[in-house]
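Scroll down for the structure; my scribbles are underneath it.
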Ligand SMILES: C[S@@+](CC[C@H](N)C(=O)[O-])C[C@H]1O[C@@H](n2cnc3c(N)ncnc32)[C@H](O)[C@@H]1O
């Protein structure tokens, strides 16, 4: 629903939001992730401290993320509408403003008026206020034809580079369309209920008293129909729930860790899957991550959930250097949630296709292969290793496992529910599709894109 005006009444002025979002957009185009770009803008803006204001920060994130989701079309439009060279700051302001017009977030009059004000607020753009006005008005005049022209190219429509589109089409044929469409959506907010402290029905009852609609999308997974910040999720601070996609919630049960087992979570930060393991079994988990800042998040998550203690060791180490964390007693279970292209979670991190290069996929696959090779000797006979990536590219999934099984003797592949011999590829699915199935009374399915393979040592 277009908003008439958001000035006054305590809402942040849209012109301020556009200024900060266009600064974040410039950082993104320089190769930073969305979170990094927003963080840099907060640091640079510290004298005015507008960017640190929680309401402005939320609005800046929304506007920047909307621009990321429409990046390819927005850049096409700027190419069509801007007939002369312009300062990069002007292009960025045009990008965030055009994305807001495309998203119909505000009435056209409000948006153009605020974009012109935003231009006047910064020295780099103040001379271009008339240009900003002219470009946005020309877009509004020619909108239908320009939008049709822009979306004629499927790579542009789905906001991915041509190599990404071709890779998906060659792997999934017509099914690629559904993956790409799901990735344009706003991500669903899914919670994992901490079974040590409560049950899904108790959490649902508490949500209902606060007017929050939610429904089960897995044994411990609840989909909160309207996304809110974690600080507003009832029970989050008390450790009753965590934010975790329903697809990621399959890892801990599928690893099959039982009471008393020794488990290695090899790439553990921020600790979502390690915490889930400790919620469902009295096992001992070594949670290892190479990044000390991210490893600190494992500690804080375990503390919030009441799981920190003798059963959980958080270690900062490179998993390839096992001497630094392994006491030579083999592990009964190993979880390898390897770093990957993240091509299965684009709707949560829409900047991923903009930042990745085609050559990254092969480099990541080589890194994952080395990790598998380094961890296999740490597994006990009859022990199991669960390999996970949040990717939809076969090089990191099915082909990775097929190659590992070919070169490593003594591996038995365990079939996962719905999977093939070399593992299970879950494709991200649409929120609308899931809610339809829910309305039809069927078991709802709602998850991001993941690949899973379960391997046993013979
Ligand atoms: C996909 S994330 C893990 C998410 C985590 N399992 C969870 O569920 O919350 C991958 C992690 O691998 C870590 N990582 C990358 N290379 C590593 C290495 N050589 N040794 C240990 N951890 C590594 C990264 O720092 C990152 O935190």
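Structural remarks
- Residues that are touching a residue at least 40 places away in the same chain (Cβ under 8 Å) and on the phi > 0 side of the Ramachandran plot within region 274-328 comprise just one, 306.
- When residue 342 is tested against (1) over 20 Å from residue 456 (Cβ atoms); (2) within 13 Å of the ligand (Cβ to nearest atom); (3) in a helix (DSSP H, G or I), only condition (3) is not met.
- Test: residue in region 241-257 that is under 23 Å from residue 449 (Cα atoms), part of a loop (DSSP other than H, G, I, E, B), out of contact with any helix residue (DSSP H, G or I) (no Cβ under 8 Å at 6 or more places or on another chain) and more than 15 Å from the ligand (Cβ to nearest atom): yes
- Checking residue 287 against (1) assigned to a helix (DSSP H, G or I); (2) buried (at least 23 other Cβ atoms within 10 Å of the Cβ); (3) within 11 Å of the ligand (Cβ to nearest atom), the condition it does not meet: (1)
- Set 350, 377, 409, 417: member being surrounded by 16 or more Cβ atoms within 10 Å (Cβ to Cβ) and either at pLDDT 95 or above or assigned to a loop (DSSP other than H, G, I, E, B) (or both): 350
- Single unsatisfied condition, residue 347 versus (1) within 15 Å of the ligand (Cβ to nearest atom); (2) in contact (Cβ under 8 Å) with a residue 24 or more places away in the chain; (3) under 30 Å from residue 36 (Cα atoms): (1)
- Verdict on residue 361 being within 15 Å of the ligand (Cβ to nearest atom) and either within 18 Å of the chain's Cα centre (by Cα) or without any contact (Cβ under 8 Å) to a residue 12 or more places away in the chain (or both): no
- Among all residues of region 65-86, there is none that is assigned to a helix (DSSP H, G or I) and touching a strand residue (DSSP E or B) at 6+ places or on another chain (Cβ under 7 Å).
- Restricting 168, 121 to those that are surrounded by 15 or more Cβ atoms within 10 Å (Cβ to Cβ) and over 30 Å from residue 272 (Cβ atoms) reduces the list to 121.
- Residue tally, condition closer than 18 Å to residue 16 by Cβ and either over 30 Å from the mean Cα position of the chain (by Cα) or not in a helix (DSSP H, G or I) (or both), over region 96-117: 8
- Residue among 189, 168 that alone is closer than 29 Å to residue 254 by Cα and modelled with pLDDT of 95 or more: 168
- Enumeration of residues in region 314-334 that are farther than 12 Å from residue 289 by Cβ and either part of a strand (DSSP E or B) or touching a strand residue (DSSP E or B) at 6+ places or on another chain (Cβ under 6 Å) (or both): 330, 331, 332, 333, 334
- Yes/no for residue 277 being modelled with pLDDT of 95 or more, under 22 Å from residue 423 (Cα atoms) and assigned to a strand (DSSP E or B): no
- Residue selection: residue 369 fails the criterion of being within 30 Å of residue 184 (Cβ to Cβ), at pLDDT 95 or above and within 15 Å of the ligand (Cβ to nearest atom).
- Which numbered condition residue 280 misses (of (1) within 12 Å of the ligand (Cβ to nearest atom); (2) surrounded by fewer than 23 Cβ atoms within 10 Å (Cβ to Cβ); (3) over 19 Å from residue 371 (Cα atoms)): (1)
- Every listed requirement among (1) within 25 Å of residue 34 (Cα to Cα); (2) surrounded by fewer than 22 Cβ atoms within 10 Å (Cβ to Cβ) is met by residue 110 save one, (1).
The values are calculated or read from the model by the stated rules, or taken from the named source; none is laboratory data. Bear in mind that the values here come from a model prediction, so they are computed numbers and not experimental data. Using ideal geometry, Cβ is built from the backbone for each residue, glycine included, and neighbour counts are taken over all protein chains shown.
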